[in-house]
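Scroll down for the structure; my scribbles are underneath it.
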Amino acid sequence: MSIDTPGSAIATCDGMVVVASLNFWNPSGEGNILVYTEYDTEALDMTWRYNMTVGNTPVDIAFTPDCSKLIVANQGFHGLDRGSFYNNPVGSVSVINFQPLKGELTPAEAQDLVTTYNFTQFDDMSDELVLQGVRWVYKG
C-alpha cells in the first residue's frame, strides 16, 4: 500500500491511522484526510477506508483524548493553481466526528462527518478586537 499524494501530518487513535494529504495538483486547493486501519502485521498492509475533503492545505491534525473527533488545522497556503492563477484561500479548522467511522459508510456519509469553520466573520471587527487585546498577526 502506498499513499500517492504528499502527506503533511499523521495521527493514530483507536485502531485507525489518519493522514492529512495535500492537494498535489493544486497546492493551494482543498486537502484531504485519508483514513486507514492500523497496520496488520500478518497481512503486512493497512486498509484504506475513507477519503474526506477538508479546508485548504491541511497542515496539522490531532485527535481529542477520547478519539471521538479529529481536529484539522488548514493553513490556507497561497500560491498558483493549475491554471497559473494566484489563489490566497482563507485558513480554517475542520472537525471530523470520528465516532460513526466504526461502521461502514458511503463516501457521502463519511464526508457529512466533516464540519469546516473559518474566521472571516471577524475580518470587519479587527480594530475592535485589537482594543480588546486580540493579537492580530497579519492584517491585510
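The values are calculated or read from the model by the stated rules, or taken from the named source; none is laboratory data. Keep in mind that this is a model prediction, so the values were computed, not measured. Neighbour counts run over all protein chains shown; Cβ positions are idealised from the backbone, glycine included.
Just a few scattered comments:
- Checklist (1) of a type outside the set (A, V, I, L, M); (2) assigned to a loop (DSSP other than H, G, I, E, B); (3) closer than 19 Å to residue 21 by Cβ applied to residue 53, failing item: (2)
- Flag if residue 64 is among the β-branched types (Val, Ile, Thr), modelled with pLDDT of 80 or more, surrounded by fewer than 16 Cβ atoms within 10 Å (Cβ to Cβ) and closer than 18 Å to residue 9 by Cα: yes
- For the range 37-50, filtering for residues that are in a strand (DSSP E or B) and touching a residue at least 40 places away in the same chain (Cβ under 8 Å) leaves 4.
- Remark: pairs (first residue in the range 64-86, closer than 15 Å to residue 115 by Cα; second residue modelled with pLDDT of 80 or more and assigned to a loop (DSSP other than H, G, I, E, B); Cβ separation under 7 Å; 6+ apart in sequence or on different chains) = 68/98; 69/98; 70/98; 74/57; 74/91.
- Single residue of the range 110-140 satisfying the filter (charged (D, E, K, R) and exposed (fewer than 12 other Cβ atoms within 10 Å of the Cβ)) that is modelled with the lowest pLDDT: 139
- Close pairs (7 angstrom Cβ cut-off, 6 or more residues apart or separate chains): under 15 Å from residue 73 (Cα atoms) and at pLDDT 90 or above in the range 7-27, in a strand (DSSP E or B) and among the charged types (D, E, K, R) anywhere: 9/60
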